[in-house]
């Protein structure tokens, strides 16, 4: 509405750029999935809600499943976030203080997970996402394993240099870092979470990283 | 059907004892909540599915909400399980080996959470339970706080005797024990979990308790 008012062409939304269209498809799809379920939402409905044709969607995504998988990668498990984080910080990370890096990682992750789109996805995922197949894209188990492997390399590097304890495998240590954060996300950072719940989630995440760093501190 | 066949009074279920009626109400309510949502299920439907009158339900529960709260207490967060466990083991627990007690606790909890009724509740809870109010009965936040306090007393006892590390508060240590188990429950022990997923859940729980015990071991 405000969009048409701005352009002055009532009843006809302005043309969106390719990037904007792609983002609009993802946003709108997530809103509709959350409101009426994945099965109950059609590509036609998504197109209609944006004001584009169904064929315009196919220019960006080959199917409804492909839209879900992209949402899953962007705001689902922390895999994409972990990869970005590792890439940004690069090789220097292995030399940096684990306490600084892991605190920074946790704080950034909580900020990302607290965004409205991510919280909406958390609620939708709790309702439907766990039904995804074990093997395919969009499987949370596969995503966790990938995060364990990628982040595990940094943990291994730190272990080899005696910066963190070697009492368990690097991959399981990543799991112990992430699993309590997943609980925080599900219980305190969903679409209907109150301000107080979200605050509690952030507080618990800080307590968790404090505990984790004490637990892996070399003796 | 098989019930009528057994009694030979087709079309008329036999009278259930009070205990059986109560259990049937809980089982049937959970099945209906899971299939059609809490809001979409009426007391009349529950009564009809069991073959009893609606007023017979009121002999056991004052409302649909009361049924939900009882399910929540029985198969929801581990609070009831924690309390039973603490009561059964009694005062001897503080003197027992933390490693033995905590391993036993985790194994028993996973067995309980893997039961069909508990897995059905996990799926239902993911869909709707987090919407419960923060303060009331049926609030997962309140249940976690209670488990932290009750179990925390044992942890405090162990800390005072130097049996586990004192690096964080007893209450937060309970949280660090339970939060990864909650993630395992949500991701691997829900109603639609495959055999392989459930197996993975049990394996992760064992790895977690190993890690936890290493982390709290006095230096």
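Scanning region A:35-46 for residues that are buried (at least 19 other Cβ atoms within 10 Å of the Cβ) and either in contact with a strand residue (DSSP E or B) (Cβ under 8 Å, 6 or more places away or on another chain) or assigned to a helix (DSSP H, G or I) (or both) returns a single hit, A:46. Filtering region B:7-16 for residues that are crowded, with 17+ Cβ neighbours inside 10 Å and modelled with pLDDT under 95 leaves a non-empty set.
For (1) outside any helix (DSSP H, G or I); (2) facing another protein chain (nearest Cβ under 9 Å); (3) at pLDDT below 95, each residue gets a yes or a no:
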residue: B:187; (1), (2), (3): no, yes, yes
residue: B:190; (1), (2), (3): yes, yes, yes
residue: B:202; (1), (2), (3): no, no, no
residue: B:206; (1), (2), (3): no, no, no
residue: B:211; (1), (2), (3): no, yes, no
residue: B:219; (1), (2), (3): yes, yes, yes
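Only one entry in B:145, B:156 is outside the structural domain of residue B:37 (by TED's automatic domain parsing), surrounded by fewer than 21 Cβ atoms within 10 Å (Cβ to Cβ) and in contact (Cβ under 8 Å) with a residue 12 or more places away in the chain, namely B:156.
If a residue has to be more than 8 Å from chain A (Cβ to nearest Cβ), outside any helix (DSSP H, G or I) and at negative phi to count, how many in region B:153-168 make the cut? Lay out the reasoning, then the answer.
Of the residues in region B:153-168, the ones more than 8 Å from chain A (Cβ to nearest Cβ) are B:153-166.
Going one step further and asking which of them are outside any helix (DSSP H, G or I), we end up with B:161-166.
From the residues that got through so far, the ones that are at negative phi too are B:161, B:163-166.
Qualifying residue count for the region: 5.
Which is away from chain A (no Cβ under 11 Å), under 21 Å from the mean Cα position of the chain (by Cα) and in a helix (DSSP H, G or I), of B:171, B:150? Of B:171, B:150, the one residue that is away from chain A (no Cβ under 11 Å), under 21 Å from the mean Cα position of the chain (by Cα) and in a helix (DSSP H, G or I) is B:150.
If you go through region B:65-84 and pick out every residue that is crowded, with 18+ Cβ neighbours inside 10 Å and over 17 Å from residue B:120 (Cβ atoms), you end up with 2. Inspection of region A:69-85 identifies no residue that is modelled with pLDDT of 90 or more and in a helix (DSSP H, G or I).
The values are calculated or read from the model by the stated rules, or taken from the named source; none is laboratory data. Keep in mind it's a predicted model, so treat the numbers as computed, not measured. When we count neighbours, we look across all protein chains shown, and the Cβ atoms used for this are built from the backbone with ideal geometry, even at glycine.
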